[in-house]
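The values are calculated or read from the model by the stated rules, or taken from the named source; none is laboratory data. None of these values were measured; they are calculated from a predicted model. For neighbour counting, all protein chains shown are included, and Cβ atoms are generated from backbone atoms with ideal geometry for every residue, glycine included. To get the accessible areas, we keep the full protein, side chains included, count just its heavy atoms, and leave off ligands, DNA and RNA. Shrake-Rupley method; radii C 1.70, N 1.55, O 1.52, S 1.80 Å.
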Amino acid sequence: MTNEELWQSVLSQIQLNISPANFATWFANTKISSIENNEVIVSVPNSFSKEWLEQKYHKDILKILKSLDEEIKEIRYVVTPVNIKINTSGKRGTKKEETVEQLGFSELEVSKETNLNPKYTFDNFIIGPFNEIAYAASMSVVEEPGKNYNPLFVYGDVGLGKTHLIQAIGNKIKENDSSKKVRYIPAEKLISTIVNAIRNQSVEELKKNLRDIDVLIVDDIQFLAGKDKTQEEFFHTFNSLYQKNKQIILSSDRHPNNIPAITERLKSRFNGGMIADINIPDYETRMAILKQKTEEKNVSIPADVLDYIANNIQKNVRELESAINRIIIYKKTNNKTIELEDAKKLLKNIIVSPSKITNYKKIVESITEFYDIPSGNMFFSSRKKEFARPRQIAMYLLKKELKMSYSEIGRKFGGKDHTTVIHAFQLIEKEYEENEKIHQEIELILQRIYSK
Ligand code: ADP
Ligand code: MG
């Protein structure tokens with residue numbers, strides 16, 4: 001039997017026992033590349049398949065292989081990406097680089113010193129009519145921190161690039177002069193830090209800390225609404241920095257005059273520098289953002305697909321990003337060009353309200369199928385460890401896609417308390433942002449939900 005025939009027989013047996021969707025997801029583009037010393041080398045297209053084959057299907061594959069050839073003792077899974085990277089000397093690299101296959105969602109580390117995320121730079125920030133004023137003001141701050149626009153106050157709706165822009169300022173200032181003390185703080189963090197300092201009687205120390213900074217960046221300052229103690233402390237910090245010509249940068253989802261329950265004196269401070277808003281990106285800018293994301297991840301997506309996304313997602317750069325990421329994951333896991341029709345299906349729940357096109361049953365079914373676990377009572381109440389994660393993902397998706405209430409979801413899962421559901425939701429939401437593997441699993445589950 002050739003290696004190819006051997007692998008074909010394995011696949012045909014595996015296929016009998018798992019759903020067609022699972023089969024297509026995990027076994028596409030796999031093959032036996034060689035057999036060395038009774039060890040079978042199986043090549044797989046990406047690290048994601050590798051992990052799944054190792055964790056979920058290894059025993060079955062080995063059993064089948066042994067039954068076909070009793071000499072076989074072990075299996076090793078090796079990622080064999082499609083591309084071969086060209087090395088800097090211009091010669092074709094002989095070593096196949098794993099980097100080519102990675103989907104590129106891995107997060108860079110947030111700096112301990114500044115709390116800035118290095119992924120937010122001006123290099124990957126697209127400028128258009130919607131944000132050019134905020135951009136110009138930012139550049140002016142970068143050139144002469146503390147001089148021109150102090151404070152710089154950037155506002156606009158969620159997902160339009162405020163965090164990206166104000167962090168890019170911090171990163172650029174630091175790059176120009178590494179001795180500058182730059183500090184990025186989300187307002188929620190500022191509030192809890194101040195509350196804790198009051199509780200621990202360490203306010204003096206905190207004050208010193210906050211006032212010994214060259215560039216202070218506070219994100220989502222609207223959260224200070226109604227937080228009197230924080231406002232009080234922040235007011236003094238603001239003044240102290242301002243008097244020393246230190247740069248203050250703030251963001252908010254609205255104009256300072258429209259933030260409720262905030263003291264007049266803070267409002268007037270916020271109004272005292274430069275206020276720049278970020279609007280909704282126009283079509284050309286939306287296209288430019290999509291093109292940039294595909295180039296960053298080194299994939300090409302047909303123009304009609306990009307056009308479809310740019311036409312249908314208009315108000316939020318974050319949604320543009322998740323749409324294109326979804327398309328990229330699909331393309332990479334399926335290893336084929338993506339047609340407009342595929343894209344329409346994949347993006348259905350971003351473009352149309354999910355509750356119109358899916359339901360409770362489809363969501364639960366897709367998850368149990370995906371993880372190959374029995375549905376029914378077991379899934380909802382079993383204490384087995386292997387059910388825990390899929391169940392949390394189910395809670396997350398029921399909330400996110402169908403907007404079911406936490407207590408309603410709790411009832412579906414054997415009368416769980418709504419706080420348990422909230423906990424699960426927050427946990428998975430965080431993992432989705434930060435953990436590449438979970439991100440991809442959820443994306444693949446969504447693909448199933450919306451292709452049912
Ligand atoms: P906000 O803070 O306004 O809610 P973010 O800064 O978090 O928005 O932006 C949401 C996502 O969109 C981020 O991943 C960000 O990198 C991306 N993004 C926003 N604006 C731009 C832009 N002009 N160019 C490139 N990417 C952008
Ligand atoms: Mg933000």
Could you tell me which of T114, N271, Q201 has its Cα farthest along the dipole of the chain towards the positive end, charges placed at Cβ (Lys, Arg +1; Asp, Glu -1), taken about the Cα centre? Q201
Counting only the backbone N, which residues of segment 269-288 are under 19 Å from the spot 7 Å out from the Cα of L340 toward its beta-carbon? 283-284, 287-288
For segment 319-410, the Cα gyration tensor yields equivalent-ellipsoid semi-axes (√(5λ), largest first, whole Å) of 27, 17, 11
Calculate, in nm to one decimal, what K356 and M139 gain on full extension: separation in residues at 0.36 nm each, minus their alpha carbon distance. 73.7 nm
Return one number: the angle in degrees, 0 to 90 and rounded to the nearest 10, between the long axis of the Cα atoms of helix 162-176 and the longest principal axis of the Cα atoms of the chain. 80 degrees
Below 8 Å between Cα atoms, with a sequence gap of 6+, how large is the relative contact order for the chain in percent? 12 percent
Aspartates and glutamates within cross-link reach of K400: Cα-Cα under 12 Å, excluding same-chain residues under 8 positions apart? E429
Accessible area of segment 3-84 belonging to carbon and sulfur atoms, whole % at 1.4 Å probe: 46 percent
What share of the DSSP beta bridges in the chain is antiparallel, in percent to the nearest 5? 20 percent
Taking all protein chains as present, what is the carbon and sulfur share of the accessible area of segment 132-277, in % to the nearest whole number, probe 1.4 Å? 45 percent
Among A261, I35, L340, which residue has its Cα positioned farthest towards the positive end of the charge dipole of the chain, with +1 placed on the Cβ of Lys and Arg, -1 on the Cβ of Asp and Glu, and the dipole taken about the Cα centre? A261
Over the chain: helical MRE at 222 nm, DSSP H runs n ≥ 4 each giving -39500 (n - 2.57), nearest 500: -16000 deg cm²/dmol
Would you mind checking the tilt of helix 436-449 against the longest principal axis of the Cα atoms of the chain, expressed as 0 to 90 degrees and rounded to 10? 70 degrees
Accessible surface of L165 in the full protein assembly, 1.4 angstrom probe, to the nearest 10 Å²? 0 Å²
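State which entries of K147/K180; K56/K336; K63/K332 exceed 23 angstrom in Cα-Cα distance in the structure shown.
Values: K147/K180 15 Å; K56/K336 25 Å; K63/K332 29 Å.
From the list (K147/K180; K56/K336; K63/K332), the Cα-Cα distance tops 23 Å for K56/K336; K63/K332.
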Leaving out ligands, DNA and RNA but keeping every protein chain, what accessible area does R211 have, in Å² rounded to the nearest 10, with a 1.4 Å probe? 60 Å²
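Shape call for segment 132-277 from the C-alpha gyration tensor, a ≥ b ≥ c root eigenvalues: rounded (a/c under 1.5), prolate (a/b greater than b/c) or oblate?
On the way: a/c = 1.68, a/b = 1.20, b/c = 1.40.
Because a/c hits 1.5 or more and a/b fails to exceed b/c, segment 132-277 counts as oblate.
When only the heavy atoms of the protein chains count and the probe is 1.4 Å, how do S178, S49 rank by accessible area, highest first? Mind dumping the intermediate values first?
Numbers: S178 90, S49 5 Å².
My answer, sorted largest first, is S178, S49.
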Would you mind classifying segment 3-84 by shape? Square roots of the alpha carbon gyration tensor eigenvalues, ordered a ≥ b ≥ c; an a/c under 1.5 is rounded, otherwise it is prolate if a/b is larger than b/c and oblate if not. oblate
To the nearest 10 square angstrom, what accessible area does S300 show with a 1.4 Å probe? 90 Å²
Pairs over 20 Å Cα to Cα, from K297/K362; K348/K430; K119/K331; K119/K172, come to K297/K362; K348/K430; K119/K331
Between helix 317-334 and the chain: long-axis angle, C-alpha atoms, 0 to 90°, nearest 10: 20 degrees
Treating only the Cβ atoms of Lys and Arg (+1) and Asp and Glu (-1) as charged, compute the dipole magnitude of the chain about its Cα centre; round to the nearest 20 debye. 920 debye
When Lys and Arg each count +1 and Asp and Glu each count -1, what net charge do the other residues less than 14 Å away from I289, Cβ to Cβ, add up to? -2
What are the extents of the Cα atoms of the chain along their three principal axes, listed from largest to smallest and rounded to whole Å? 81, 63, 44
Name the shape class, rounded, prolate or oblate, that the alpha-carbon gyration tensor gives for segment 355-451, where a ≥ b ≥ c are the square roots of its eigenvalues, rounded holds for a/c under 1.5, and otherwise prolate holds if a/b is larger than b/c and oblate otherwise. rounded
Just tell me which aspartates and glutamates come within less than 12 Å, Cα to Cα, of K73; anything on the same chain fewer than 8 places away is out. E36, E39
Pairwise FRET efficiency - T420 versus A225, Cβ, R0 = 35 Å, nearest 0.05: 0.75
